[in-house]
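Peer 1: Just dropping this structure here.
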Protein chains: 2
Amino acid sequence: MELLDCLKKYDIILGSQSPRRKALMEGAGIPFRVEARPTEEVFPEGLSPVEVVKHLCRQKAREFSGELKNPLAVVITADTIVVHRGRIINKPVDEADAIAMLTALSGSTHEVYTGVCICRGSEVHYLYDRSAVHFRHLTEEEICHYVEHYAPYDKAGAYGIQEWIGYVGINGIEGSYHNVMGLPVHKVYEALLEMLCS
Amino acid sequence: MELLDCLKKYDIILGSQSPRRKALMEGAGIPFRVEARPTEEVFPEGLSPVEVVKHLCRQKAREFSGELKNPLAVVITADTIVVHRGRIINKPVDEADAIAMLTALSGSTHEVYTGVCICRGSEVHYLYDRSAVHFRHLTEEEICHYVEHYAPYDKAGAYGIQEWIGYVGINGIEGSYHNVMGLPVHKVYEALLEMLCS
């Protein structure tokens, strides 16, 4: 892809184990490799959603200080949270928790925030995006079917918009679909071009 | 999928050659087969966008009158149009047309309408959906790159939201992402359950 050739001389590292983020980076044609370093996702009380995702993507980025000694290394980390009625919803811990989360989200609107840190040397470029998601009323049968047949446990809010529940249960969104999947890749693409190609 | 077992006794026919619509029906877990019958897409002057997509999905459905003699046959046809500044934009006829369409859509908002006809016997259930799509400013290089490397010729407005341009060029949408792809599959799912399973 000659358009993005200027990115090829860099070692762009996606610091995430999410297969959705990997697919989004591939879809945007960005050259990169994955190097996931799981960190404990803890944050201080009282932060706003934007501050939480910023805190967590910075925390994840800190694991890559070794790589960032290479001036051609660029590390991208991200964190996605779901906010419903003012409360932050994490990943479900078990089946009952996943069912309770989806029952709460059913028939209402929630917000998805993703914070992204793009790091090069000691420089950190931070960006975030916010989308609203409207779930129609889901039946108990639909919720149980989804939790039983899919893998909601690695996903904030216990669902993946790109899975069955996203096809049949979501009336619409406001904002970026890719942000709901876990990465506002249009913003990452623009930031990389500005940082590395201009 | 036991949840949708009640649909299995019907012969659900998707009357469309669009690979996106096929993927959306599969994603929703609806059992179906494809039987595409290309029709000429012409409509009277002076119709509103909602009337145009209704007219065209009905026109497409008429090709299946033979199949509809079978009381277990259910035919689904659909038509998608792009509306920009009050004008309906069709599929591009050549490269220059595709470039001109994307140049017009760049940096602005357009609307995508999809009309769907679900036919059984002499009964026609009609539904539609509308989404707004916000393109950021696309560079000439990005537009030419897309037109050269992808296949915009079978798509209203000369783009596919699920392709590269959708990853890097769209800031956000209002409404259903799947509707922009060509089928508001959540509404088709609900209509089929109501028509055939209740």
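The values are calculated or read from the model by the stated rules, or taken from the named source; none is laboratory data. Predicted model only: the values in this text are computed from it and were never measured. Note that each Cβ is placed from the backbone with ideal geometry, even for glycine, and that neighbours are counted across all protein chains shown.
Peer 1: Name the residue, out of B:VAL74, B:VAL53, that is in a strand (DSSP E or B) and modelled with pLDDT of 95 or more.
Peer 2: Selected residue: B:VAL74, the only one of B:VAL74, B:VAL53 that is in a strand (DSSP E or B) and modelled with pLDDT of 95 or more.
Peer 1: While we're on this one: Among the residues of segment A:109-139, what is the count of those that are in contact with a Ser or Thr (Cβ under 8 Å, 6 or more places away or on another chain) and among the acidic types (Asp, Glu)?
Peer 2: So the count comes out to 2.
Peer 1: Related question: Could you tell me which of the residues A:VAL133, A:VAL93, A:VAL116 is in contact with a Cys (Cβ under 7 Å, 6 or more places away or on another chain) and more than 10 Å from chain B (Cβ to nearest Cβ)?
Peer 2: A:VAL116
To keep it simple, each residue is scored yes or no on (1) closer than 22 Å to B:MET25 by Cβ; (2) within 21 Å of the chain's Cα centre (by Cα); (3) charged (D, E, K, R).
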position: A:VAL112; (1), (2), (3): no, yes, no
position: A:VAL124; (1), (2), (3): no, yes, no
position: A:ASP129; (1), (2), (3): no, yes, yes
position: A:PHE135; (1), (2), (3): yes, yes, no
position: A:GLU140; (1), (2), (3): no, no, yes
position: A:GLY157; (1), (2), (3): no, yes, no
position: A:ILE161; (1), (2), (3): yes, yes, no
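Peer 1: Can you name the residue in segment A:145-157 that is buried (at least 16 other Cβ atoms within 10 Å of the Cβ) and in a helix (DSSP H, G or I) and is also nearest to the other protein chains (Cβ to nearest Cβ) among such residues?
Peer 2: A:HIS145
Table: residues versus (1) under 21 Å from B:GLY15 (Cα atoms); (2) of a type in the set (S, T, N, Q).
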site: B:LYS91; (1), (2): yes, no
site: B:ALA96; (1), (2): no, no
site: B:THR114; (1), (2): yes, yes
site: B:ARG120; (1), (2): yes, no
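Peer 1: Return yes or no: is A:SER48 of a type in the set (S, T, N, Q), at pLDDT 95 or above and farther than 28 Å from B:ILE161 by Cβ?
Peer 2: Against the criterion (of a type in the set (S, T, N, Q), at pLDDT 95 or above and farther than 28 Å from B:ILE161 by Cβ), A:SER48 qualifies.
Peer 1: Quick check on my filter: what residues within segment A:1-52 are over 19 Å from A:THR80 (Cα atoms), away from chain B (no Cβ under 14 Å) and of a type in the set (D, E, K, R)?
Peer 2: The answer is A:LYS8, A:LYS9, A:ASP11, A:ARG33.
Peer 1: So A:LEU138 ticks every box in (1) surrounded by fewer than 23 Cβ atoms within 10 Å (Cβ to Cβ); (2) of a type in the set (A, V, I, L, M); (3) touching a strand residue (DSSP E or B) at 6+ places or on another chain (Cβ under 6 Å); (4) part of a loop (DSSP other than H, G, I, E, B) but one. Which box is left unticked?
Peer 2: Only one criterion in (1) surrounded by fewer than 23 Cβ atoms within 10 Å (Cβ to Cβ); (2) of a type in the set (A, V, I, L, M); (3) touching a strand residue (DSSP E or B) at 6+ places or on another chain (Cβ under 6 Å); (4) part of a loop (DSSP other than H, G, I, E, B) is unmet by A:LEU138, namely (3).
Peer 1: On to the next question. On the basis of being in contact with a helix residue (DSSP H, G or I) (Cβ under 8 Å, 6 or more places away or on another chain) and either surrounded by fewer than 16 Cβ atoms within 10 Å (Cβ to Cβ) or under 22 Å from A:ASP154 (Cα atoms) (or both), does A:PRO44 make the cut?
Peer 2: yes
Peer 1: Within segment B:168-179, restricting attention to residues that are farther than 20 Å from B:TYR189 by Cα and buried (at least 24 other Cβ atoms within 10 Å of the Cβ), which residue is nearest to the other protein chains (Cβ to nearest Cβ)?
Peer 2: Looking at residues that are farther than 20 Å from B:TYR189 by Cα and buried (at least 24 other Cβ atoms within 10 Å of the Cβ), I get B:VAL168.
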